[in-house]
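The values are calculated or read from the model by the stated rules, or taken from the named source; none is laboratory data. As the structure is a computational prediction, the values presented were derived from the model and not from experiment. Every residue, glycine among them, receives a Cβ derived from its backbone with ideal geometry; neighbour counts consider all protein chains shown. Quick note on the areas: whole protein, heavy atoms, side chains included, nothing else; ligands and nucleic acids left out. Shrake-Rupley method; radii C 1.70, N 1.55, O 1.52, S 1.80 Å.
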Amino acid sequence: MKETQNPAAHFDAVVIGAGFAGLYMLHRLRQLGFTVRVFERGDGVGGTWYWNRYPGARCDTESVTYSFSFDDELQQEWEWTERYAPQAEILAYANHVAERFDLKRDIVFETGVAGARYDATDGRWLVTDERGQTVSARFLISAVGCLSAAAMPDYPGLAEFRGEWYHTGQWPHEAVSFTGKRVGLVGTGSSGVQSTIAIAPQAAHLTVFQRTPNYSIPAWNGPLDQQATRALKANYAEWRARSRYAQIGIPFDSNGQAAKSVPPAEREREFEAAWAEGGFNFVMAYPDLLTDLDSNRMAADFVARKIREKVADPALAAKLIPTDHPLGTKRLCVDTGYYETFNRDNVTLVDIRAAPIERITPTGIRTADADYPLDMIVFATGFDAITGPLMKLDIRGRDGVSLRDKWADGPRTYLGLTSVGFPNFFMITGPGSPSVLSNMLMSIEQHVDFITDCIAMLEQRGIGAIEPSAQAEADWGTTVHEVGHTTLYPHVQSWYTGANIAGKPRLFTPYAGGVGTYRRICEQVVARDYEGFVLQPA
Ligand code: NAP
């Protein structure tokens, strides 16, 4: 990291990223009367929704839920058009929020942060951008997101490929045409599932290269029921209050019993009802679906039957049914017409577990047993998730210790918000918080409010710096580990456990105890005068 000697400007706080987390953080810090600079890599706000503009991209959380709750006028005035909002509409919403609260004037666009160094002499962070300019700030807040470091496969030969290629997480802003083209798509997670549905009707031929099938639940997406939305809006405050203490930040009706303990016919009815509701309702149908292998198997068998009903060719259906992981332990996909897409004449599924991709050739993809001529390759190969975006930054705390070194064997945080040795540094939806297991907008608001209240407390008391105690951090690490291991998640190779990235420590880092429980823990920490934190006088 090249750092200029003298900071070009001084701020009370620097925020990294202008996605939803960065936008709300800026808004709250302004309310404290702070001077703030937000650094953003892209040339617009929106984060995830700025970068992931691949065909078919839309949220897997319902639009009335996946939206800010901090301002009633905002939530009342914004009109969503579909049950699950498409990427363009969410991006328009992010821009609306930025403009409504006049946020853009404190954001510098097309300016990534290279790193930051804590200067203990005057208790300030020196933050250097990718152009080498440095500014200083008392507080440094990461709003880099959990899924913003795209992961590309390292197949040889890509540089020689003569066609077009794209990663879903770095999709170009210009229109991409699939018309008349032979398109190859690598990856069958949420991005691959959505892209498949959107590309198939446009391309001459779509070849989907699947390493591992994933479970996908119907979204039953469509125009938002305006009458139901009006009723919800009339009661928004109560709905949001329930969301804040719900398991994943979305209030679901759960049966309350163990799936395996109910009679088969009743269970079947319950699964049918949850299937008809669609999306994450399905995995929330019984509270033990993500903790008990037997119950999970019953839900998985139900979905397998549904896949067989949708796919005309039984051999093809068998290839699309996951067998290597319990349902929902890799992030569930939510679709409208995914399995049916494989009934099209212009779509082929290639099992690259059976015959792996060997290389990219100038004219396509070569697997162990065939050559596939292609005009375009779409990599829907995911992200170095959760810690990836933070580890890309060169963040150095007290005594020059780098976050990368400290976290070499896995992230260590207190509440997913702070880390020992990094005074006045906060992470929004960091590792060790519910983050990716939750409705992100709810978690972002909770974190930002916690950080704002904490900073206001420091100001009121004239305290110079805050960081967690080593004991609190170690105990929280144990809690995250133990709670995680009451679920089925840690035993699966997924981006949740870091298994998708070569050399990454295999750890399940989100806090799995639920959004409500986590919120109560944070409230208790505050009520006990920031228990677990060390406050240093100015
Ligand atoms: P992902 O879930 O990690 O899926 C990546 C896919 O690429 C997997 O099928 C993976 O196969 C495959 N893959 C990775 N490396 C490969 C390689 N070298 N060769 C062949 N295949 C390879 O990534 P994603 O689909 O981008 O989704 C990531 C997360 O973003 C989601 O889980 C979700 O949380 C979020 N997201 C949400 C939405 C939404 O709201 N609807 C949409 C998109 C993404 P393996 O499974 O075998 O590793």
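Using a/c under 1.5 as the rounded threshold, could you call the range 1-148 rounded, prolate or oblate? The axes a ≥ b ≥ c are square roots of the C-alpha gyration tensor eigenvalues, and prolate needs a/b larger than b/c, oblate otherwise.
Since a/c reaches 1.5 and a/b is larger than b/c, the shape of the range 1-148 is classed as prolate.
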remark   = Quick calc, the chain, dipole around Cα centre from Cβ unit charges on Lys, Arg (+) and Asp, Glu (-), nearest 20 debye, gives 580 debye
ask   = Dipole magnitude of the range 252-314 about its Cα centre, charges +1 at Lys/Arg Cβ and -1 at Asp/Glu Cβ only, in debye to the nearest 20?
value = 180 debye
inquiry  = Quick check of the Kirkwood formula: for the range 330-482, what is the inverse mean of 1/r over all pairs of different Cα atoms, in Å?
reply    = 19.6 Å
query = Under a point-charge model restricted to the Cβ atoms of Lys and Arg (+1) and Asp and Glu (-1), what is the dipole moment magnitude of the range 1-105 relative to its Cα centre, in debye to the nearest 20?
reply = 500 debye
message = Counting other C-beta atoms within 10 Å, and keeping those with at most 10, which DSSP coil GluC sites (Glu not before Pro) do you find in the range 136-214?
response = E174
remark   = Across the alpha-carbon set of the range 252-314, Rg over Rh with Rh taken as the Kirkwood radius works out to 0.97
query = Using alpha-carbon pairs under 8 Å, 6+ residues apart, how would you state the relative contact order of the range 409-517 in percent?
reply = 33 percent
request  = With a probe of 1.4 Å, find how much accessible area the range 24-66 has per residue, and write the answer as a whole number in Å².
outcome  = 31 Å²
note = the range 252-314 accessible area per residue, 1.4 Å probe, protein heavy atoms, integer Å², reads 48 Å²
ask   = For the chain, what's the relative contact order in percent, using C-alpha pairs closer than 8 Å and at least 6 residues apart?
value = 19 percent
inquiry  = Using only DSSP helix segments of four residues or longer, with each worth -39500 (n - 2.57), what per-residue ellipticity at 222 nm results for the chain after dividing by its residue count and rounding to 500?
reply    = -9000 deg cm²/dmol
task = Quick one: go through the range 24-53 and flag any residue whose amide nitrogen is under 15 Å from the point 7 Å out along the Cα-to-Cβ line of Q202.
result = 52-53
inquiry  = If you take every DSSP beta bridge fully contained in the chain, what fraction is antiparallel? Give it as a percent rounded to 5.
reply    = 40 percent
key: Between helix 87-100 and the chain: long-axis angle, C-alpha atoms, 0 to 90°, nearest 10   = 20 degrees
query = Between rounded, prolate and oblate, where does the range 394-538 land on the alpha carbon gyration tensor, with a ≥ b ≥ c its root eigenvalues, rounded for a/c under 1.5, else prolate if a/b exceeds b/c?
reply = oblate
task = Provide the descending list of Cα extents for the chain along its principal axes, expressed in whole angstroms.
result = 70, 58, 44
Segment E82-A368, extension gain: residue separation times 0.36 nm, minus the distance between their alpha carbons = 98.7 nm
ask   = Pulled fully out, how much extra length does the chain show between T121 and H173, if you take 0.36 nm times their separation in residues and subtract their Cα-Cα distance?
value = 14.3 nm
ask   = Using Cα pairs under 8 angstrom and six or more residues apart, how large is the relative contact order of the range 252-314, in percent?
value = 37 percent
remark   = Of the accessible area of the range 252-314, computed with a 1.4 Å probe and all protein chains kept, carbon and sulfur make up a percent value of 51 percent
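In whole Å, what three semi-axes, largest first, describe the equivalent ellipsoid of the range 242-391 built from its Cα gyration tensor (square root of 5 times each eigenvalue)?
Over the Cα atoms of the range 242-391, the semi-axes work out to 34, 21, 14 Å.
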inquiry  = Let me check the size of the range 113-239 from its C-alpha atoms; what are the radius of gyration and Dmax in Å?
reply    = 22.4, 63
note = Rounded to the nearest 0.05, FRET efficiency between A265 and R344 (Cβ-Cβ, R0 35 Å) equals 0.50
key: J(HN,Hα) series, the range 29-40, from Karplus relation 6.51 cos²θ - 1.76 cosθ + 1.60, nearest Hz, glycine and proline x   = 5, 4, 5, 7, x, 7, 8, 9, 10, 10, 9, 9
remark   = F101 and Y245 label points (each 7 Å along its Cα→Cβ direction) are spaced in nm at 2.5 nm
query = In the range 380-499, carbon and sulfur make up what percent of the accessible area (probe 1.4 Å)?
reply = 49 percent
remark   = Under 19 Å between C-alpha atoms, the lysine pairs in the range 202-357 lying 8 or more places apart or on different chains count 4
message = Assuming 0.36 nm per residue, please report the length gained on full extension of the stretch M152 to T35 beyond their Cα-Cα distance.
response = 38.4 nm
inquiry  = Quick check: at a probe of 1.4 Å, how many percent of the accessible area of the range 44-112 sits on carbon and sulfur atoms?
reply    = 47 percent
Simple label model, 7 Å out from Cα along Cβ direction - H491 to R230, nm = 5.0 nm
ask   = Helix 264-277: angle to the longest alpha-carbon principal axis of the chain, degrees 0 to 90, nearest 10?
value = 70 degrees
ask   = In square angstrom, rounded to the nearest 10, how much accessible surface does Y155 have for a 1.4 Å probe?
value = 60 Å²
